[in-house]
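Undergrad: To start, I am sharing the structure in question, which I have written as structure tokens.
The values are calculated or read from the model by the stated rules, or taken from the named source; none is laboratory data. Remember, it's a predicted structure, so these values are computed and weren't measured experimentally. Here the Cβ positions follow ideal geometry from the backbone for every residue, glycine too, while neighbour counts run over all protein chains shown. Keep in mind that these areas ignore ligands, DNA and RNA; they rest on the heavy atoms of the full protein, side chains included. Shrake-Rupley method; radii C 1.70, N 1.55, O 1.52, S 1.80 Å.
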Amino acid sequence: MNEIHSAGYRAHTNIALIKYWGKRNKELFLPVTSSLSLTLDAFYTDTHVEFDTSLTGDVFYLGGELQNEANTAKVSRFLDLFRETAGKPNLYAKVTSVNHVPTAAGLASSASAFAALAGACNLALDLQLDAQTLSTYARQGSGSASRSLLGGFVEWHKGEGDESASSYAEAFDDADWDLAMVFVIINRNAKKIDSRLGMEHTNQTSPFYALWPQEVEKDLAMIKPAIKAHDLDTVGQIAEHNAMKMHAMTIAAKPSFTYWEPASIEAMTIVRELREQGIPAYITMDAGPNVKVLCRASQAETIKAAFAPRFGADQVVIAKPGPAAHPLEKE
Ligand code: ADP
Ligand code: DP6
Ligand code: CO
């Protein structure tokens, strides 16, 4: 008789206000700097995992489609962490995942994906890993996933040396104030240069990278008290500057590259015009062309309307702070 251990988990995406952009240890996904993000309610991943003694290899379905060898290999390497912890190195799994977020488009699908998979594996194998340890596991699927296990504002501590256990994410503030993030979705397609490659190329070739660790340290030290004080203008200014510094580094890489598209610049112009009208609205962008606008929840509809002349209604999505990752009901 075959034995099955299964569980389902939901994790929401997160967008960094202070970005993670570089690894000091690629194998362990240890970052060059700490980072700080906001988990969001509008975008998430649901993942079911079924460890089954009758399987002879892992199987991975994403959005109903059986995935190719390369995509399955990434998931398998991640499952190995949990199999080894459980002392069952030959126990294979069927993973079934649905992204309620465009995949690989710079909207943080890798964050919700690996946080959901980590939660599901922990539960299915009854490992009972504590939140901190589970974050160090999620990190090894995708760095940003360490932060998606938690809700609200989350800080990912860079940790020390090659010490995997020292680099984990922790809740910073529950973000239960008048806060939203408006997403201007410019392109839902998968990016040409994925986050992993983009950050490595920047790290290795951009002369401005040398400045990045100290800039992040200063930005983190300034943004943390501003978040606690619910000071949206200060939070927004620091976050926008941090994102611009990240994107400036990619332009200065050799060869140069950018995640921006012409429409990204149009969206950013609209945000600056809103600000000139006295509406607090601040830009952040990740490894993709989509623009995210940090604003007051009470003004999110006004901000959405400002994009209407240029972008379709389905291209503008209002997100609020989101919850921690959690188990899905058994079906
Ligand atoms: P994003 O901006 O969406 O985070 P990344 O380049 O960081 O883009 O990561 C995209 C990769 O994450 C995909 O190519 C795939 O390998 C992985 N991924 C995305 N969604 C899932 C999922 N639901 N389950 C497992 N892996 C996923
Ligand atoms: C720009 O976590 O997707 O969104 O660790 O290589 O999987 P890997 O990369 P990923 O990178 C995220 C980069 C970012 C900034 C951030 O989320 O902090
Ligand atoms: Co990602």
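Undergrad: Give the residues of region 296-326 that are open to solvent by 30 Å² or more (accessible area, probe 1.4 Å) and β-branched (Val, Ile, Thr), sorted by residue number.
TA: Selection gives THR302, VAL317, ILE318.
Undergrad: Let me ask you something else. For region 165-176, state whether one or more residues are crowded, with 17+ Cβ neighbours inside 10 Å and more than 23 Å from GLY322 (Cβ to Cβ).
TA: Within region 165-176, not a single residue is crowded, with 17+ Cβ neighbours inside 10 Å and more than 23 Å from GLY322 (Cβ to Cβ).
Undergrad: Would you pick out the residues in region 21-42 that are within 16 Å of the chain's Cα centre (by Cα) and either over 20 Å from GLY322 (Cα atoms) or surrounded by fewer than 24 Cβ atoms within 10 Å (Cβ to Cβ) (or both)?
TA: TRP21, GLY22, LYS23, PHE29, LEU30, PRO31, THR33, SER34, ASP41, ALA42
Undergrad: If you go through region 101-120 one residue at a time, do you hit one that is at pLDDT 95 or above, more than 7 Å from ligand 1 (Cβ to nearest atom) and open to solvent by 50 Å² or more (accessible area, probe 1.4 Å)?
TA: no
Undergrad: Could you tell me whether ALA73 is within 16 Å of ligand 2 (Cβ to nearest atom), under 25 Å from GLU155 (Cα atoms) and of a type in the set (A, V, I, L, M)?
TA: Numbers: within 16 Å of ligand 2 (Cβ to nearest atom): yes; under 25 Å from GLU155 (Cα atoms): no; of a type in the set (A, V, I, L, M): yes.
Considered against the rule, which asks whether it is within 16 Å of ligand 2 (Cβ to nearest atom), under 25 Å from GLU155 (Cα atoms) and of a type in the set (A, V, I, L, M), ALA73 comes out as no.
Undergrad: Out of all the residues in region 121-139, which are more than 9 Å from ligand 2 (Cβ to nearest atom) and closer than 15 Å to LYS158 by Cα?
TA: Residues satisfying the conditions are GLN132, THR133, SER135, THR136, TYR137, ALA138.
Undergrad: Taking the residues in region 77-100 that are among the hydroxyl-bearing types (Ser, Thr, Tyr) and more than 11 Å from ligand 1 (Cβ to nearest atom) as candidates, determine which candidate is surrounded by the fewest Cβ atoms within 10 Å (Cβ to Cβ).
TA: The residue in question is THR85.
Undergrad: I'd like to verify a number: residues in region 256-292 that are away from ligand 1 (no atom under 16 Å from the Cβ), free of Cβ contacts under 8 Å to residues at least 40 places away in the same chain and surrounded by fewer than 23 Cβ atoms within 10 Å (Cβ to Cβ), how many?
TA: Number of matching residues: 13.
Undergrad: A further question follows. Does LYS26 satisfy the criteria of being among the charged types (D, E, K, R), touching a residue at least 12 places away in the same chain (Cβ under 8 Å), more than 12 Å from ligand 2 (Cβ to nearest atom) and not assigned by TED's automatic domain parsing to the domain that holds HIS201?
TA: No: the conditions fail for LYS26.
Undergrad: Here's something else I'd like to know. Here is a check on your reading of the model: is GLY161 open to solvent by less than 70 Å² (accessible area, probe 1.4 Å) and within 12 Å of ligand 1 (Cβ to nearest atom)? If you could, list the steps in order and put the result at the bottom.
TA: Details: open to solvent by less than 70 Å² (accessible area, probe 1.4 Å): yes; within 12 Å of ligand 1 (Cβ to nearest atom): no.
Taking the combined requirement at face value, the residue does not satisfy it.
Undergrad: Within the bounds of region 225-243, is there any residue that is of a type outside the set (A, V, I, L, M), within 16 Å of ligand 1 (Cβ to nearest atom), in contact (Cβ under 8 Å) with a residue 40 or more places away in the chain and open to solvent by 60 Å² or more (accessible area, probe 1.4 Å)?
TA: Of the residues in region 225-243, the ones of a type outside the set (A, V, I, L, M) are 225, 228, 230-231, 233-234, 236-237, 240-242.
If we keep only those that are within 16 Å of ligand 1 (Cβ to nearest atom) as well, we get none.
Within region 225-243, not a single residue is of a type outside the set (A, V, I, L, M), within 16 Å of ligand 1 (Cβ to nearest atom), in contact (Cβ under 8 Å) with a residue 40 or more places away in the chain and open to solvent by 60 Å² or more (accessible area, probe 1.4 Å).
Undergrad: Given the conditions (1) out of contact with any helix residue (DSSP H, G or I) (no Cβ under 8 Å at 6 or more places or on another chain); (2) more than 15 Å from ALA324 (Cβ to Cβ), and given that PHE78 satisfies all but one, which numbered condition is not satisfied?
TA: The failed condition is (1).
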